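Q: One structure, as structure tokens, below. Some questions next.
The values are calculated or read from the model by the stated rules, or taken from the named source; none is laboratory data. Source: prediction; values computed, not measured. No Cβ is skipped: glycine too gets one built from the backbone with ideal geometry, and neighbour counts run over all protein chains shown.
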């Protein structure tokens, strides 16, 4: 996992905020002096919170474009396109905190049996993706803070994917990832 410097981290957070601000004014977003690490293809999530509560979270699980472009797209989508929330209003920009989670490459979890899976997640707290047929869902590693019990975590993740809560006990594809979290 790559580690981003303080300068790179500040650049990405400012870029996310500027991307949202430029959407209000419909003005072009000047992007210049991009740090070299931000030119690499990486996937990210941008999470917005207000008074400690989730206000929007959108991202990609696999790299499709340069990190700085993904931050711009995800910041705007979290502010204006997260279906769980009304679009952010101009006056709300000063009230939100921004967090950028940069993902590692995905790793397939090759464990069989409920006990092995629960033990793995008890010891490790990665980001998790579950897939079954056309359904899939993910929780970032931060979700472990609110759902520390692996069985509860997996049940909630199944529910998010529109699957029965106990579907994780069956044949389900599970992938994991780590993140580097950058926040204001």
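Q: Just wondering, is there one or more residues in the stretch 69-78 that are in contact with a helix residue (DSSP H, G or I) (Cβ under 9 Å, 6 or more places away or on another chain) and touching a residue at least 60 places away in the same chain (Cβ under 8 Å)?
A: Scanning the stretch 69-78, I find at least one residue that is in contact with a helix residue (DSSP H, G or I) (Cβ under 9 Å, 6 or more places away or on another chain) and touching a residue at least 60 places away in the same chain (Cβ under 8 Å), so the answer is yes.
Q: Do we find a residue being surrounded by 15 or more Cβ atoms within 10 Å (Cβ to Cβ), modelled with pLDDT of 95 or more and out of contact with any strand residue (DSSP E or B) (no Cβ under 7 Å at 6 or more places or on another chain) anywhere in the stretch 3-12? Spell out how you get there, then give the answer.
A: Within the stretch 3-12, the first condition is being surrounded by 15 or more Cβ atoms within 10 Å (Cβ to Cβ), and the residues that meet it are 4, 8-9, 11-12.
Adding the requirement that they be modelled with pLDDT of 95 or more leaves 8-9, 11-12.
Keeping just the survivors that are out of contact with any strand residue (DSSP E or B) (no Cβ under 7 Å at 6 or more places or on another chain) gives 8, 11.
So far as the stretch 3-12 goes, yes, one or more of its residues are surrounded by 15 or more Cβ atoms within 10 Å (Cβ to Cβ), modelled with pLDDT of 95 or more and out of contact with any strand residue (DSSP E or B) (no Cβ under 7 Å at 6 or more places or on another chain).
Q: Quick one: which residue in 140, 61, 105, 88 is touching a residue at least 12 places away in the same chain (Cβ under 8 Å), touching a strand residue (DSSP E or B) at 6+ places or on another chain (Cβ under 8 Å) and surrounded by 22 or more Cβ atoms within 10 Å (Cβ to Cβ)? Quick ask: steps written out before the conclusion?
A: Numbers: 140 fails: surrounded by 22 or more Cβ atoms within 10 Å (Cβ to Cβ); 61 fails: surrounded by 22 or more Cβ atoms within 10 Å (Cβ to Cβ); 105 fails: surrounded by 22 or more Cβ atoms within 10 Å (Cβ to Cβ).
Every option except 88 fails the conditions.
Q: Given the condition surrounded by 17 or more Cβ atoms within 10 Å (Cβ to Cβ) and within 17 Å of residue 45 (Cα to Cα), answer yes or no: does some residue in the stretch 113-120 qualify?
A: No, the stretch 113-120 has no match at all.
Q: Given the options 123, 167, 119, name the one that is at negative phi and in contact with a strand residue (DSSP E or B) (Cβ under 9 Å, 6 or more places away or on another chain).
A: On the way: 123 fails: in contact with a strand residue (DSSP E or B) (Cβ under 9 Å, 6 or more places away or on another chain); 119 fails: in contact with a strand residue (DSSP E or B) (Cβ under 9 Å, 6 or more places away or on another chain).
Checking each option against the conditions leaves just 167.
Q: Could you check the stretch 144-177 and list, in sequence order, the residues that are closer than 25 Å to residue 3 by Cα and touching a helix residue (DSSP H, G or I) at 6+ places or on another chain (Cβ under 7 Å)? Talk me through it step by step, then tell me what you get.
A: To start, the set of residues in the stretch 144-177 that are closer than 25 Å to residue 3 by Cα comprises 144-145, 175-177.
Hit for the stretch 144-177 is 144, nothing else.
Q: Of everything in the stretch 31-53 that's touching a residue at least 12 places away in the same chain (Cβ under 8 Å) and under 19 Å from residue 93 (Cα atoms), which residue is surrounded by the most Cβ atoms within 10 Å (Cβ to Cβ)?
A: 46
Q: Can you find a residue that is touching a helix residue (DSSP H, G or I) at 6+ places or on another chain (Cβ under 8 Å), farther than 26 Å from residue 138 by Cα and without any contact (Cβ under 8 Å) to a residue 24 or more places away in the chain anywhere in the stretch 14-29? Don't jump to the end; show me each part of the working.
A: We begin by selecting, within the stretch 14-29, every residue touching a helix residue (DSSP H, G or I) at 6+ places or on another chain (Cβ under 8 Å); these are 15-17, 19-21, 23-24, 28-29.
Right, trim to farther than 26 Å from residue 138 by Cα and you get 21, 23-24, 28-29.
Filter once more, keeping what is without any contact (Cβ under 8 Å) to a residue 24 or more places away in the chain: 28.
Yes.
Q: With the checklist (1) assigned to a helix (DSSP H, G or I); (2) surrounded by fewer than 16 Cβ atoms within 10 Å (Cβ to Cβ); (3) at pLDDT below 95 in hand, flag the one item residue 171 doesn't pass.
A: Answer for residue 171: the failing condition is (1).
Q: Here's another thing I want to ask about it. Quick check on residue 130: is it at pLDDT 95 or above, surrounded by 15 or more Cβ atoms within 10 Å (Cβ to Cβ) and in contact with a helix residue (DSSP H, G or I) (Cβ under 6 Å, 6 or more places away or on another chain)?
A: Numbers: at pLDDT 95 or above: yes; surrounded by 15 or more Cβ atoms within 10 Å (Cβ to Cβ): yes; in contact with a helix residue (DSSP H, G or I) (Cβ under 6 Å, 6 or more places away or on another chain): yes.
Judged against the criteria, residue 130 is a match.
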